[in-house]
Each structure stands twice: as structure tokens, then as C-alpha cells.
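Here, each number is a calculation from the coordinates, and none is a lab measurement. Here the structure is a predicted model, which is why all the values come from computation and not from measurement. Cβ sites come from the backbone with ideal geometry, for glycine too, and all protein chains shown count toward neighbours.
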Amino acid sequence: MNRRHFMEKSARTLTAGVGGSLLARGLLKGENPSPRARIGVSTWSLHNLFPSTRDDNAPTPAKPLELLDVPEMIAERYQVHQVEFVAPHFGATSPSYLQDMKTRLARAHSHLTNICVDIDELELGGGLSDPDPKLRDRIVEACSKWIDIAHQLGADSVRCDPGKINSADLSPTVSAYRKLATYGASQRVAVVVENHGGVGSEHPEELVRIFSEVDSKFFGALPDFGNFPNQETRERGLLLLFPYARTVCHAKASRRREQGDDAQFVARCVQLSKQAGFRGIYSIESGGPDPYGAVQHVIDLLTQSISI
């Protein structure tokens, strides 16, 4: 499929209504793609192997990971060809580096689904929700550079979280995301918001209010299986967020370790995603002392759950 055909196909998908997703290149092969074609791996799963994101108490790996090597490694180790990158894991953003990354992705027959824009600017003041329009514009400009990078690498979306939302006045947040969504549309890159902490996790309906007010096919949710304070909020939150999911969700096993709990947890989250009509990528965010094994564990659970 050439780039023009893919972009036309993506545009048709987006105009299909809220909940339509920008599907990865080659994802749909007939009406029933294989479960593994719907599975991706986020580099956050391996964050302790990258010097830029290693936890303070994590051991130093014998050989740190280089992002350029990730597509081939994921493809060979897991037979997975959907990948998600975290911004701090980029070794550079120069034209030559990005061209090298495009080559590496193509060599691995892999597709970049999403970039998590974890950048310092989003930590300034209240982030994209700050009441100061000048500060918000500075942050919007910084995020827009990553929309450009996503476009260059063929990614479907970027995740830009809102910062400190004021539930009593969503206008600053809405204003920032309208600008980002407009710019994203010009680059055919969706802007997505994850249920991270605070309002997003405890009161996911506030995110839905923001999605509704921005009202753009290039703006929506990145539902995360975790990040909710309890199961009741998770059930309600995922059903609220998945209809607005544009590209990926974050899949992980339960933090609890009772016998059989992980399988039940993943199966229920996938069931809720299907109920809401989600057709995008389940991008794995895992961790622990054995990051490679943790990724395989979630792949096994997703493969079984997606097949049902």
C-alpha cells in the first residue's frame, strides 16, 4: 500500500464517526486480522534499559537499548510489527536520525503507531491546561514539533497529556487541544490523551467533556487498562473512553498477583474495548525486573483475549 492510498484510507476511517481509528499500514487483511496484528509494544515497557528513563533503583543494564535497534528487536523477539515510541528514548531528532529510523522501521516491516510526547515543556506551569495563553502557546509549539516528527515517521498519533485540568473551567485545555488538533489534521496525525492521574483517571468523564468540546476527528483518547483507582472506575472509564480512541490503547496486566488474575484482568479490558467498538492497536506497557518476559506475558494474554 503506497502512502497516498494509506492516507486516503485513514481519512475514510476517521470520517466514519467517533470511535473510528487510524489503522496501521497493512493491519486489516480482510475482515478478521490475526490477533498478533493488533498487538504493539511501547518502549516504555523497556524504560529501565534506556539511560534517559531508568528508575533510580534499577540496575544498570549490561547493554543499554538504542531506539534505532528497537523495531528489529521487537520483530525478531516477539513477531510483533507495531511499535510505540516514548519521546525521551529518541537519540536525536535531526533529519539524518529520523531518516535512519524510517529505514530501520521499513527493514523490520514495522509501523510506528504512536509517540508519547513526554517532554519538559508539558511540565511547565499547568501544562496544556495553564490559564496563561502565552505559556500554553509555547507548550503547543513544542508538542507540534513532535507532530512533525510523527508525520515524518508515518506514525498515526502523538500522546500529549493535559497537565493540571481545572474542572470548573475547561476552556484553557480545550483551546490548547483545538490548536493541536488543527495542526495534527494538517499533518494527518491524531492527538490523543491518556487517562493519567488526577482528573483523567479518577473522573474520566472530564476527558469526555474535553473530547466533545474540541470535536475533531484528529483528537481523542488513549485508554489505558490501568491508571484507575478501582475496578468500578475502570469499568466506567474504559466504556467512556474507548468510543473516542483514535489509534492505540495501553494494555498491561494487573498489578495484583493472585492466581489467574492477570488473565481475567486483560480479558475483561479487551471485552470492554470490543463492546465499545475499538479497532486499533493494543500497545503493551509493562515492566518489572524481567521487562522482556513481562512483554511476552502480556502478548500471550492479549492473543488469547483478542481471539475470543
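Given the pairs Lys252/Lys274; Lys145/Lys217; Lys217/Lys274; Lys102/Lys134, which span a C-alpha to C-alpha distance of over 23 angstrom in this model?
Cα-Cα > 23 Å for Lys102/Lys134; rest within.
Put +1 on the Cβ of every Lys and Arg and -1 on every Asp and Glu Cβ in the chain; which of Ser144, Val80, Ser175 then has its Cα farthest towards the positive end of the dipole?
About the Cα centre, the residue reaching furthest to the positive side is Val80.
Calculate the spin-label point distance for Asp300 paired with Ser167, positioning each point 7 Å from the Cα along the beta-carbon direction, and give it in nanometres.
Here the answer is 4.1 nm between the modelled labels.
Considering the Cα trace of the stretch 101-193, what is its radius of gyration and what is Dmax, both in angstroms?
Final numbers for Rg and Dmax: 14.0, 49 Å.
For Gln79 and Glu141, what does the FRET efficiency come to when R0 = 35 Å and r is the distance between their Cβ atoms, rounded to the nearest 0.05?
Step by step, r from the Cβ atoms, then E = 0.35.
Largest first and to the nearest Å, give the Cα extent of the chain along each principal axis.
Sorted from largest, the Cα extents of the chain read 47, 47, 46 Å.
Based on alpha-carbon centroids, what's the gap between the stretch 57-77 and the stretch 241-308 in Å, whole number please?
22
With the crude spin-label approximation of a point 7 Å out along Cα→Cβ, what separation in nm comes out for Arg107 versus Ser307?
3.3
Which is the longest run of the chain containing none of the GluC sites (Glu not before Pro) found in DSSP loop states (not H, G, I, E, B) with at most 15 other C-beta atoms within 10 Å?
67-257
Rounded to whole Hz and in sequence order, give me ³J(HN,Hα) for the stretch 265-279 from the Karplus expression 6.51 cos²θ - 1.76 cosθ + 1.60, θ = phi - 60°, writing x for Gly and Pro.
Couplings: 4, 5, 4, 5, 5, 5, 4, 5, 5, 5, 4, 8, x, 5, 10 Hz.
How many nm separate the modelled label positions at Ser186 and Glu213, each set 7 Å beyond the Cα in the direction of the Cβ?
Label at Ser186, label at Glu213, 2.4 nm between them.
Just subtract the alpha-carbon distance of Asn230 and Glu202 from 0.36 nm times their residue separation and send over the number in nm, one decimal.
9.2 nm
Where the only charges are on Cβ atoms (+1 Lys, Arg; -1 Asp, Glu), what is the dipole of the chain about its Cα centre, to the nearest 20 debye?
Its charge dipole is roughly 1180 debye.
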